[in-house]
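Colleague: Handing you this structure, nothing more for now.
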Amino acid sequence: MGTVIVVTSGKGGVGKTTTSASFATGLAQRGFRTVVIDFDVGLRNLDLIMGCERRVVYDFVNVINGEANLNQALIRDKRVENLYILPASQTRDKEALIKDGVEKVLNELKQSFEYVVCDSPAGIERGALMALYFADEALVVTNPEVSSVRDSDRILGILASRSRRAEQGDPPVKEHLVLARYAPERADRGDMLSVDDVLEILGIPLLGVIPESQTVLQSSNAGVPVIMENGSEAGAAYGDLVDRFLGKNIPHRFIMTQKKGFLKRLFGGS
Amino acid sequence: MLPRSFPLAAEEPPPFELKGSLFTLTVLHLFQLDRAAIERHLAEKIKQAPGFFNNTPVVIDLEGMANPVDGVDFTGLYELLRGHGMAPVGIRNGGPKLQAAARLAGLPVLPESRPVAAAKKTESSESVARNRIINHPIRSGQQIYAADGDLIVLGAVSAGAEVIADGNIHVYGALRGRALAGVKGDIEARIFCHSLEAELISIVGRYRISEQIDPSDRGKAVQIHLAQDRLVIEPLIR
């Protein structure tokens, strides 16, 4: 049986879809059969980031309504083996996400995929609730600013109280923190919250820090998940994040400023 | 709905304040309305113990009235008792007609008292505090209420979260949200926390918001209690 992972944040624009795309791609690159679902019904974006927008025929809502079967709606990624995308419907709204229907689709996907990644919409309404309701694990994406951290805190509260695991008294949803758009030099100046500030407030394990990078914007527009951009810091950070998720012990990179980076670490400076 | 029986009040001194309180009152169980007989018995009592009634508030209980009559002269009764050093504050029992007559005479009708045994029983069951222990952090937007007891949080209370208790609140972590203790009027209630970073603290409706908290207390392990109706923040001595 596959594992359902929700990528969520509360706040919009923090990098949920970017993270979903790279995380799912990274899992597939490492040999796991992975599907990524766009729960942002009505505001479909994942297909653009994954570069498959021209190949959408049927969508998630069609499958929920029984208008198409999963095999018709799933889009196989052309670049990475084992990777599939289930796009959102652009012409419907979140009310189309019926709980029983979502559960049926997820159960079917769990039969044939090892990882089911749910890209949540922003907010705490129906779309976001449905994306996290059936989750086994959660990647909570946060930016180093107070409003984003507070919204993530809110989402963590919802995961702990309104997910199926919480309602049925099962072991809680496993939480992971993804700190995106991090700029170490600005954190040092006090312009943005530091990694430690965010960890102290949210109090959940840090899975990865993604540095602020021009590459993210470029690759989004090109429809290439940034993890596939070899040589970019953001891509490397997502690679580390996936390895850490799979149990490897990898030190965090990109959380120190450049000038006190390499040499200082080499010679044991703090 | 959560009890908010004590509306929040800022710390400027208001002209008055309404508070519930318990009093022990003398109850005068009236068996008949013969004014002459009442007067005779009163006089005798006072002869035995002069000064026994010194403006003593009394409640007139009409339950034991042998022949309930309609036209009771409560004004006359009031004058009679006043004249012997008693200050009637109200009546109880006696049926709707007698109560209406008492009201007309300016005597309030008090609720019937519950049997003493039953009252004691509920008291003892309440004194076995129904405390609530939360062993996870309380996130923004969550609201936790401990009715009839203390709230113990083994973790942080996030900004935007609200913890409420009829009794004390203990936070074994940072208190960043709102904490309201003693919301049903227990002025002995206190708030304890490992790090005071709260948005609002309140005990029995007395409150202080974040910017009214002395910066030197911020981030400290403190207890907060009421003294002379003011919130006092004290460091926890280790």
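The values are calculated or read from the model by the stated rules, or taken from the named source; none is laboratory data. Please read these numbers as outputs of a predicted model, since none were measured by experiment. For neighbour counting, all protein chains shown are included, and Cβ atoms are generated from backbone atoms with ideal geometry for every residue, glycine included. With ligands, DNA and RNA removed, areas are computed over all heavy atoms of the protein, side chains included. Shrake-Rupley method; radii C 1.70, N 1.55, O 1.52, S 1.80 Å.
Colleague: When you look at B:Glu234, is it more than 14 Å from every other protein chain (Cβ to nearest Cβ) and part of a loop (DSSP other than H, G, I, E, B), yes or no?
Modeller: Considered against the rule, which asks whether it is more than 14 Å from every other protein chain (Cβ to nearest Cβ) and part of a loop (DSSP other than H, G, I, E, B), B:Glu234 comes out as no.
Colleague: Output the residue which, of all residues in the range A:125-154 that are in a helix (DSSP H, G or I) and among the polar types (S, T, N, Q), is nearest to the other protein chains (Cβ to nearest Cβ).
Modeller: A:Ser152
Colleague: Now a separate question. Checking A:Ala160 against (1) away from chain B (no Cβ under 14 Å); (2) over 17 Å from the mean Cα position of the chain (by Cα); (3) closer than 24 Å to A:Arg244 by Cβ; (4) not acidic (Asp, Glu), which test does it fail?
Modeller: Tallying (1) away from chain B (no Cβ under 14 Å); (2) over 17 Å from the mean Cα position of the chain (by Cα); (3) closer than 24 Å to A:Arg244 by Cβ; (4) not acidic (Asp, Glu), A:Ala160 fails exactly one: (1).
Colleague: Just need a number here: residues in the range A:16-31 that are within 16 Å of A:Ala138 (Cα to Cα) and open to solvent by 20 Å² or more (accessible area, probe 1.4 Å).
Modeller: 2
Colleague: Within the range B:113-137, how many residues turn out to be part of a loop (DSSP other than H, G, I, E, B) and either modelled with pLDDT under 75 or within 14 Å of another protein chain (Cβ to nearest Cβ) (or both)?
Modeller: Residues that pass the stated criteria total 8.
Colleague: Still on this structure: Which residues, taken from the range A:163-192, are away from chain B (no Cβ under 14 Å), aliphatic (A, V, I, L, M) and either touching a strand residue (DSSP E or B) at 6+ places or on another chain (Cβ under 6 Å) or part of a helix (DSSP H, G or I) (or both)?
Modeller: Answer for the range A:163-192, where residues must be away from chain B (no Cβ under 14 Å), aliphatic (A, V, I, L, M) and either touching a strand residue (DSSP E or B) at 6+ places or on another chain (Cβ under 6 Å) or part of a helix (DSSP H, G or I) (or both): A:Val178, A:Leu179, A:Ala180, A:Ala187.
Colleague: Same structure again: Every residue in the range A:47-86 that is under 19 Å from A:Ser112 (Cα atoms), open to solvent by less than 30 Å² (accessible area, probe 1.4 Å) and not in a loop (DSSP other than H, G, I, E, B), please.
Modeller: Result: A:Phe60, A:Val63, A:Ile64, A:Leu70, A:Ala73, A:Ile75, A:Leu83, A:Ile85, A:Leu86.
Colleague: Within the set of pairs 6 or more residues apart or between chains, which connect a residue that is closer than 12 Å to B:Arg176 by Cβ and more than 7 Å from chain A (Cβ to nearest Cβ) inside the range B:138-150 to a residue that is of a type in the set (A, V, I, L, M, F, W, C) and in a strand (DSSP E or B) with Cβ atoms less than 7 Å apart?
Modeller: B:Ile138/B:Ile144; B:Ile138/B:Val153; B:Ile138/B:Val157; B:Ile138/B:Val163
Colleague: Within the range A:218-229, identify whether any single residue is within 14 Å of chain B (Cβ to nearest Cβ), within 20 Å of A:Tyr115 (Cβ to Cβ) and open to solvent by 30 Å² or more (accessible area, probe 1.4 Å), and answer yes or no.
Modeller: No - not one qualifying residue is present in the range A:218-229.
Colleague: Still on this structure, please answer the following. One residue is enough: does the range B:63-78 have a residue meeting the conditions surrounded by 15 or more Cβ atoms within 10 Å (Cβ to Cβ), touching a strand residue (DSSP E or B) at 6+ places or on another chain (Cβ under 6 Å) and at pLDDT 80 or above?
Modeller: Checked the range B:63-78: at least one residue is surrounded by 15 or more Cβ atoms within 10 Å (Cβ to Cβ), touching a strand residue (DSSP E or B) at 6+ places or on another chain (Cβ under 6 Å) and at pLDDT 80 or above.
Colleague: Could you tell me how many of the residues in the range B:161-181 are open to solvent by 30 Å² or more (accessible area, probe 1.4 Å), touching a residue at least 24 places away in the same chain (Cβ under 8 Å) and either part of a strand (DSSP E or B) or at the interface with chain A (Cβ under 10 Å from one of its Cβ atoms) (or both)?
Modeller: Residues that pass the stated criteria total 1.
Colleague: Which pairs have Cβ atoms under 8 Å, sit 6 or more apart or on different chains, and link a residue in the range A:100-111 that is open to solvent by 20 Å² or more (accessible area, probe 1.4 Å) to one that is assigned to a helix (DSSP H, G or I) and at pLDDT 95 or above?
Modeller: Correct list of pairs: A:Lys104/A:Ile64; A:Glu108/A:Leu70.
Colleague: Right, something else. Looking for something under 21 Å from A:Asp243 (Cβ atoms), of a type in the set (D, E, K, R) and part of a helix (DSSP H, G or I) - is there at least one such residue anywhere in the range A:15-35?
Modeller: Yes, the conditions are met somewhere in the range A:15-35.
Colleague: Report, by residue number, each residue of the range B:197-238 that is among the β-branched types (Val, Ile, Thr), open to solvent by 20 Å² or more (accessible area, probe 1.4 Å) and under 22 Å from the mean Cα position of the chain (by Cα).
Modeller: Passing the criteria: only B:Val232.
Colleague: Please go through the range B:138-160 and pick out each residue that is open to solvent by 50 Å² or more (accessible area, probe 1.4 Å) and at pLDDT 95 or above.
Modeller: Result: B:Leu154, single match.
Colleague: The conditions are (1) in contact with a helix residue (DSSP H, G or I) (Cβ under 9 Å, 6 or more places away or on another chain); (2) open to solvent by 60 Å² or more (accessible area, probe 1.4 Å); (3) modelled with pLDDT under 85, and B:Gly85 fails exactly one of them. Which is it?
Modeller: (2)
Colleague: Then there is this: Just one of A:Arg164, A:Arg150, A:Arg253, A:Arg154 is touching an Asp or Glu at 6+ places or on another chain (Cβ under 8 Å) and either of a type in the set (A, V, I, L, M) or within 22 Å of A:Ile5 (Cα to Cα) (or both); which is it?
Modeller: The conditions single out A:Arg164.
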